[in-house]
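Read through the structure below, which is laid out as structure tokens, and then see the notes.
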Amino acid sequence: MFDFALDAHSWLRWAALIAGLLATFTAFTSGAPGKADRWGLLFMIVMDIQLLFGLALYLALSPTTAAIFGDFGAAMRDPVARFWAVEHISLMLLAIVMAHLGRILARKARTPESRRKRMLMCFTLSMVLMLAGIPWPGMRAGRALFP
């Protein structure tokens with residue numbers, strides 16, 4: 001079960017990145033906020049599925065987090081363990097919140113231009129947070145791009 005969840009989580013990152021880029025790009029370029037809103041909805045859905053797999057890994061399936069929870073103090077002194085225990089999950093949760101917030105704020109906007117700007121701001125911030133939280137190859141906690 002661990003391998004399936006990890007592979008699904010790893011592959012879904014690409015769907016989340018693509019949907020996030022398209023939501024951000026259409027909010028930036030499109031005069032019609034409806035198109036950006038549809039991409040934003042897909043971005044939000046993929047991020048929520050990512051969250052489910054990530055929480056399953058974090059709380060139940062991952063031997064890495066099981067070892068981290070065994071001695072959390074020691075994990076905080078290890079940069080790789082700290083990345084998985086705190087940094088990755090924190091950045092990704094904030095990215096998900098920003099994706100949701102972008103759609104909520106856009107729906108409450110009074111003009112199409114303010115709707116587009118709110119989506120652009122939130123989706124861009126969500127993408128920055130997500131890019132910062134991904135364990136890219138070459139990082140201490142890096143993982144392969146394609147499992």
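Normalised by 2.2 N^0.38 Å, where N is the number of residues, the alpha-carbon radius of gyration of the stretch 2-133 equals 1.17.
Working from Cα pairs under 8 Å separated by at least six residues, relative contact order for the chain is 28 percent. Hey, in the GNM for the chain with a 10 angstrom Cα cutoff, which one of Leu52, Leu93, Leu42 fluctuates hardest? Its mean-square fluctuation being the largest, the pick is Leu52. Backbone phi angles across the stretch 16-27, fed through the Karplus curve with coefficients 6.51, -1.76 and 1.60 (θ = phi - 60°), yield HN-Hα couplings of 5, 5, 5, 4, x, 5, 5, 5, 5, 5, 5, 5 Hz in residue order; Gly and Pro are listed as x. Ranking Leu17, Phe4, Met76 by Cα position along the charge dipole of the chain, where only Lys, Arg, Asp and Glu carry charges on their C-beta atoms, puts Leu17 farthest toward the positive end. On full extension, the segment bounded by Leu93 and Ser114 gains 5.0 nm, given 0.36 nm per residue less the C-alpha separation. Residues in the stretch 40-56 carry Karplus couplings, in order, of x, 5, 4, 4, 5, 5, 5, 5, 5, 5, 4, 4, 4, 5, x, 5, 4 Hz; the curve used is 6.51 cos²θ - 1.76 cosθ + 1.60 with θ = phi - 60°, and Gly or Pro positions show x. For the chain, the mean residue ellipticity at 222 nm estimated from helices alone is -25500 deg cm²/dmol, where every DSSP H run of n ≥ 4 contributes -39500 (n - 2.57) and the total is divided by all residues, rounded to the nearest 500.
Since every read-out is calculated from the coordinates, none of them should be taken as a lab result. Fair warning: this is a prediction, and the values are worked out from it, not measured in the lab. FYI the Cβ positions are ideal-geometry reconstructions off the backbone, even for glycines, and counts take in every protein chain you see.
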